[in-house]
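Scroll down for the structure; my scribbles are underneath it.
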Amino acid sequence: IAKSLGNQDVVYFDDTLLARSKRNNDITASFPKALEDNEFLVYYQPKISLKGKNIAGAEALSRWYHNGMIIPPAEYIPVLEQGRDICKLDFYVLDTVCRDIRRWLDTGRKVVRISVNLSRRHLSDMDLLQRIVDIVDKHNVPHEYIEIELTETTTDVEFKDLKRTISGLQKTGIATSVDDFGIGYSSLNLIKELPWNVLKLDKSLLPVNSTDNSDQKVVMFKYLIAMAQEMGLECIAEGVETKEQVQLLTENRCSLAQGFYFDKPLPVEEFENRLIDNYTYEI
Ligand code: C2E
Ligand code: MG
Ligand code: MG
Ligand code: MG
């Protein structure tokens, strides 16, 4: 085909597609053993209280340590989400997080709430809530230390699943957050109708600088923070990279921030250094 079109790009494109599909097959094929062999690691990215300048929580993010390399989530999450594998990974991450929290509690460390990402793939499972609670209770971790991050959902069919999950989690005392709010299928209804605890503003919404007040992005960001407050939700900005962004957040009373400006996602040993009472961030 490429020859008849006389176009090198076509060959290149086809090659890439093939390579991609081969890589996807490799990921699916190696996943079960990788999970068993503990090749998945949990990194922790601190969430900072802008008022206290200290650590207020952290997000657990998975990394795949495979053949001596760290494979980022962008490579494997979309592939695992095509099937049920993502559910196994999410429960593995939750289990690891609970084990870590248990250890921190047992060794007298400061403990903060840890959030775990849950794929929307789980939402149709009727036993999802029970499985989450079982894992947390198995490690005897107080529910207040756990938060579940979910991205926005699309259709009405999923809404009743989402409702069951979010309302159910609220009853167990496990916190919930709307992840990546503001991109994809934002529905304000979905925020209003369900008992969420946290609104996580997507990093693409965060203005690059705050000097130009007329910048529409700045205006929008301010109103989103205000809206969250008005609705009684905690508000966190993700992807915070610069001092200007921190200033914008502080001025507009956004309570929490997460991003490279403060810390990258850290391996657990490094993260544990943050779990001391007088650890503060420069803001
Ligand atoms: P997310 O939940 O929105 O997580 C935040 C992502 O932003 C992380 O990417 C984090 O490393 C990155 N990030 C943090 N601070 C900054 C910053 O200042 N600037 C920029 N540019 N990026 C920043 P990561 O770790 O590559 O994860 C990507 C996505 O993969 C996550 O997005 C999450 O949706 C998904 N993910 C990761 N681990 C898991 C998991 O165990 N289960 C599920 N279901 N999804 C996961
Ligand atoms: Mg997240
Ligand atoms: Mg996010
Ligand atoms: Mg995001």
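Scan region 83-113 for residues that are free of Cβ contacts under 8 Å to residues at least 40 places away in the same chain and within 21 Å of Ala29 (Cβ to Cβ) and report the count.
The number of residues fulfilling the criteria is 4.
Any idea which of (1) more than 16 Å from ligand 1 (Cβ to nearest atom); (2) modelled with pLDDT of 95 or more; (3) aliphatic (A, V, I, L, M); (4) part of a helix (DSSP H, G or I) is the one Leu169 doesn't satisfy?
(1)
On the given criteria, is Ala56 within 16 Å of ligand 4 (Cβ to nearest atom) and in a strand (DSSP E or B)?
Judged against the criteria, Ala56 is not a match.
Does region 140-162 contain any residue that is touching a helix residue (DSSP H, G or I) at 6+ places or on another chain (Cβ under 9 Å), within 30 Å of Lys222 (Cβ to Cβ), more than 16 Å from ligand 4 (Cβ to nearest atom) and assigned to a helix (DSSP H, G or I)?
yes
I'd like the full set of residues that are over 24 Å from Glu269 (Cβ atoms) and buried (at least 18 other Cβ atoms within 10 Å of the Cβ), limited to region 78-113.
Passing the criteria: Val79, Leu80, Asp85, Ile86, Cys87.
The values are calculated or read from the model by the stated rules, or taken from the named source; none is laboratory data. These figures come from a predicted structure and were not determined experimentally. Don't worry about glycine lacking a Cβ; one is built from the backbone with ideal geometry, like all the others, and counts go over all protein chains shown.
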